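Participant: Pasting a structure below so you can have a look.
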Amino acid sequence: MSAVRKSLTSAVSAAVLAGGLALGAAGPASAATCPSSSSPVIDGASASWTLSCSGNDVKVSGWLQDTRVDGKCAVVRINAGNGEYETKSACSSGVREQFSFTFKGTKDAQVRLAIA
């Protein structure tokens, strides 16, 4: 195989792999400040959450649901504006989980729904 063909094959393989990983791992993200809410739906998961503030704290609460029989879990990942991080999972099709997290010293958070 020529060097040009090897390079082209490697580049195409890397692009396909990267595209597949991006599609399979990530879902919609919601970066928000209080008050706000979001109800994202992706293939295999759905969720709904609200951000509310009290003083200088933000509370992120809601639910997430696994909607596909695939052996994977629906996951909500929360990155708060103060650097704290929390996750909640729902595993097995039809399972719905509630969550509520309070983060001190910030009024914003990025919330993401994904499949893992």
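The values are calculated or read from the model by the stated rules, or taken from the named source; none is laboratory data. This one's a predicted model, so the numbers in the text were calculated from it and none came from an experiment. So basically every Cβ, Gly included, is an ideal-geometry build from the backbone, and we count neighbours across all protein chains shown. All accessible areas refer to the heavy atoms of the entire protein, side chains included, with ligands and DNA or RNA removed. Shrake-Rupley method; radii C 1.70, N 1.55, O 1.52, S 1.80 Å.
Participant: So, with a 1.4 angstrom probe, what is the percent of accessible area on segment 51-116 that is carbon and sulfur?
Facilitator: Carbon and sulfur: 43 percent of the exposed surface of segment 51-116.
Participant: Now a separate question. Quick check for me: using +1 on Lys/Arg Cβ and -1 on Asp/Glu Cβ, what's the dipole size of segment 59-116 about its Cα centre, in debye to the nearest 20?
Facilitator: 100
Participant: Another question about this same structure. Show which aspartates and glutamates lie in cross-link reach of LYS72 when reach means a straight Cα distance below 15 angstrom and same-chain residues fewer than eight apart are skipped.
Facilitator: ASP43, GLU97
Participant: Subtract the Cα-Cα distance of THR33 and CYS53 from 0.36 nm times their separation in residues, and report this length gain in nm to one decimal.
Facilitator: In short, 6.3 nm is gained.
Participant: Under 8 Å for C-alpha pairs, at least 6 residues apart: give me the relative contact order for segment 45-116, rounded to a whole percent.
Facilitator: 38
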